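K.L.:
Could you have a look at this structure, given as structure tokens, before my questions?
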Amino acid sequence: LQELINIGDEEYGEYFAQFLYDKNNQTSYYALLGYSCCMQDKSYSKLIEIIFNTTMRIDFRVYALYELSIISGQRFIKRRIRLYEDERTWTESDLSLEEISAWDKADRPKGTAYEPHLHDKVQNPDPNNPIDGLISTINKKYYKKAYVSRSDIIGGTVNIGKPTNDEVADINKKYILPPTYKYFIENFVVKNELKQAINVYSADELVKRQFGFAYAPDGGLIPEWDQNRLVIADWNGDTMYCLNLSLGETSPIYQFYHDDWKFKKYANSFLDFLTKII
């Protein structure tokens, strides 16, 4: 239900509001996301109420803080956070309570902390470069609701971002990538939380996504895995996609299951793979 509503669908706000204090943690979490999406700046009072409620679990208060920060455009998130961080490790001092109180008393001004911006290659794709055109099309198809997500607070970009020089250097030290795929990795970061079920890995997560396939948890190689195979994407975390580095630019994209390493050709190339996503 939370995925079906759109920003500003106020008529559904009260439906989600009734589950904000549900005893089931998952229910209350999605109710919070749904309510915030529906009500936008009309959600301020309830979000503030949750953030200041010391009887509630800390992670739920943090999620309310994310939503308040995003909708208000105010950088209430002062703690340095990571994509997979456990919000239960936060403390009372991380919640920016004094700053929120001051903002509330000042009639809740709207900020511009998370104004969306487009990747230059998405905004002006090179007509002679098929990757640019495909990523631009994916941006239009998957990101119709340019809703700022938790990962945008962390990464500072919206929808399609750019990798850092260090991330690209680490990838290039470790792998000899086919030219087309290398161009994608060096130029685009596709945000996880806006890609619906498909997750195409970017430079910021490519190496760690090889754990469980090429690498064991301790970092050692898994002997059953062909080290030429590079996992590049997944569908719902179960159906996996990889290419064969030894085949270079001619490598198809293979599909296999997380717990059943039987490979079959899914796409003729990385370009064909992106086209199938579209």
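K.L.:
Evaluate segment 18-27: report whether one residue or more is in contact with a helix residue (DSSP H, G or I) (Cβ under 6 Å, 6 or more places away or on another chain) and open to solvent by 40 Å² or more (accessible area, probe 1.4 Å).
P.N.:
yes
K.L.:
Among the residues of segment 122-136, what is the count of those that are open to solvent by 60 Å² or more (accessible area, probe 1.4 Å) and either of a type in the set (Gly, Ala, Ser) or under 19 Å from the mean Cα position of the chain (by Cα) (or both)?
P.N.:
Here is the first cut: in segment 122-136, the residues open to solvent by 60 Å² or more (accessible area, probe 1.4 Å) are 123-124, 126-128, 130.
Okay, now just the ones that are also either of a type in the set (Gly, Ala, Ser) or under 19 Å from the mean Cα position of the chain (by Cα) (or both), so none.
Qualifying residue count, segment 122-136: 0.
K.L.:
Here is a follow-up. Can you name the residue in segment 45-68 that is touching a helix residue (DSSP H, G or I) at 6+ places or on another chain (Cβ under 7 Å) and of a type in the set (Ser, Thr, Tyr) and is also least open to solvent (accessible area, probe 1.4 Å) among such residues?
P.N.:
Going through the qualifying residues, I end up with Tyr66.
K.L.:
Which of the following residues is modelled with pLDDT of 95 or more, open to solvent by 20 Å² or more (accessible area, probe 1.4 Å) and out of contact with any Cys (no Cβ under 9 Å at 6 or more places or on another chain): Ala102, Ala146?
P.N.:
None of the other options fit; the residue is Ala102.
K.L.:
May I ask you to list the residues in segment 13-44 that are aromatic (Phe, Trp, Tyr) and more than 23 Å from Gly73 (Cα to Cα)?
P.N.:
Result: Tyr15, Phe19, Tyr21.
K.L.:
So which residues in segment 78-108 are free of Cβ contacts under 8 Å to residues at least 12 places away in the same chain and assigned to a loop (DSSP other than H, G, I, E, B)?
P.N.:
Once the filter is applied, which keeps residues that are free of Cβ contacts under 8 Å to residues at least 12 places away in the same chain and assigned to a loop (DSSP other than H, G, I, E, B), segment 78-108 yields Arg80, Tyr84, Glu85, Ala106, Asp107.
K.L.:
Among the numbered conditions (1) surrounded by 20 or more Cβ atoms within 10 Å (Cβ to Cβ); (2) in contact with a Pro (Cβ under 9 Å, 6 or more places away or on another chain); (3) closer than 30 Å to Phe273 by Cα, tell me where His119 comes up short.
P.N.:
Among (1) surrounded by 20 or more Cβ atoms within 10 Å (Cβ to Cβ); (2) in contact with a Pro (Cβ under 9 Å, 6 or more places away or on another chain); (3) closer than 30 Å to Phe273 by Cα, His119 violates only (2).
K.L.:
Just for strands (runs of 3 or more DSSP E) wholly inside segment 162-278: which have at least 2 residues that are open to solvent by less than 20 Å² (accessible area, probe 1.4 Å) and free of Cβ contacts under 8 Å to residues at least 60 places away in the same chain?
P.N.:
Counting at least 2 such residues, we get 229-235, 239-244, 253-257.
K.L.:
What is the number of the single condition among (1) at pLDDT 70 or above; (2) under 24 Å from Ile71 (Cβ atoms) that Gly155 does not meet?
P.N.:
(1)
The values are calculated or read from the model by the stated rules, or taken from the named source; none is laboratory data. Fair warning: this is a prediction, and the values are worked out from it, not measured in the lab. Virtual Cβ from ideal backbone geometry, glycine too; neighbours counted across all protein chains shown. Side chains included, ligands, DNA and RNA excluded: accessible areas come from the protein's heavy atoms. Shrake-Rupley method; radii C 1.70, N 1.55, O 1.52, S 1.80 Å.
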